[in-house]
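A.B. asks: Handing you this structure, nothing more for now.
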Amino acid sequence: MVSDVHGNAEGLARAGDGADALICLGDLVLFLDYADHARGIFPDLFGKENATRLVELRTARRFEEARAFGASLWAGLDRGPAVERAVRKQYAELFAAFPTPTYATYGNVDMPQLWREYVGAGTTVLDGERVEIGGRVFGFVGGGLRTPMRTPYEISDEEYAAKIEAVGEVDVLCTHIPPEVPELVYDTVARRFERGSRALLDAIRRTRPRYALFGHVHQPLVRRMRIGATECVNVGHFAGSGRPWALEWSG
């Protein structure tokens with residue numbers, strides 16, 4: 001199980017070793033690395049110094065200034081085609097690294113409209129859908145909720161809640177973002193609360209899956225906690241650790 005791959009194709013190619021299947025909870029694209037400002041689409045286009053400035057503004061929650069700064073850099077470029085070319089290059093490498101079988105859903109920085117062009121025969125993409133893996137029912141809900149960051153795949157609370165509802169009762173509930181619990185959504189390095197889902201939290205309490213698995217928050221205050229009968233686990237920032245999280249089922 002991996003999430004927040006952010007360009008780590010080399011690690012992704014080994015992530016499924018010894019497992020029955022690989023599950024990926026999204027954020028394949030690396031736009032800007034908050035730990036290494038030289039990595040990602042943004043510094044490739046505008047340089048490390050400008051990437052550092054953007055990170056500083058975002059970390060200080062000066063989002064309007066960050067948007068104005070970014071707009072000034074993009075002014076001389078046709079943004080849409082430039083980003084799409086860079087994303088396509090990353091997707092070609094990342095989807096080729098997926099082992100068979102892989103089950104994947106989108107992260108908030110992903111571009112779902114491009115996935116269908118790169119998904120191989122061994123990869124199943126699910127969003128608001130269920131699938132049986134190893135005799136257990138897994139539900140998948142991708143994407144994130146709307147934020148000042150305006151990442152590519154952010155949707156309304158209502159649309160997200162509808163996907164949660166469509167999944168229904170499952171053994172394992174797999175999402176990109178966590179439930180709306182302060183300890184699970186606070187990033188200790190970025191020093192901010194990321195957006196979690198209240199609808200997801202309500203579904204966990206109501207349907208009581210055995211596991212609720214997610215990513216999105218790279219350095220959470222708490223990585224694992226129980227909500228009623230459900231074990232909630234942030235499966236980790238794969239781009240930083242290179243280590244998958246293993247779900248081993250017994251009983």
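What follows is calculated from the coordinates using simple rules that are stated; it is not laboratory data. Treat the numbers as computed from the prediction; the structure is a model and nothing was measured. Positions of Cβ are backbone-derived with ideal geometry, glycine not excepted, and every protein chain shown enters the neighbour counts.
A.B. asks: Say we join alpha carbon atoms closer than 10 Å with springs in a Gaussian network model of the chain; which of L28, L57, L173 then has the biggest fluctuation?
C.D. replies: Residue with maximal mean-square fluctuation among L28, L57, L173: L57.
A.B. asks: Tell me what the chain gives for mean residue ellipticity at 222 nm when only DSSP H runs of n ≥ 4 count, each as -39,500 (n - 2.57), the sum divided by the residue total, rounded to 500 deg cm²/dmol.
C.D. replies: Result for the chain: -10000 deg cm²/dmol, rounded to the nearest 500.
A.B. asks: Averaged over every viewing direction, what's the projected area of the C-alpha convex hull for the stretch 129-204? Give it in nm², one decimal, please.
C.D. replies: 5.6
A.B. asks: Percentage of Cα-Cα pair distances in the stretch 52-176 greater than 19 Å, rounded to whole percent?
C.D. replies: Value for the stretch 52-176: 60 percent of Cα pairs lie more than 19 Å apart.
A.B. asks: Another question, if that's okay. Evaluate the Kirkwood expression for the hydrodynamic radius of the chain, namely the inverse of the mean inverse distance over all pairs of different C-alpha atoms, and round to one decimal in Å.
C.D. replies: That comes to 18.4 Å for the chain.
A.B. asks: Separate question: Could you tell me which of T188, Y153, V119 has its Cα farthest along the dipole of the chain towards the positive end, charges placed at Cβ (Lys, Arg +1; Asp, Glu -1), taken about the Cα centre?
C.D. replies: The residue sitting farthest along the positive end of the dipole is T188.
A.B. asks: For the pair E10 and E169, how long in nm is the line joining their label points, each one 7 Å along Cα→Cβ?
C.D. replies: 4.7
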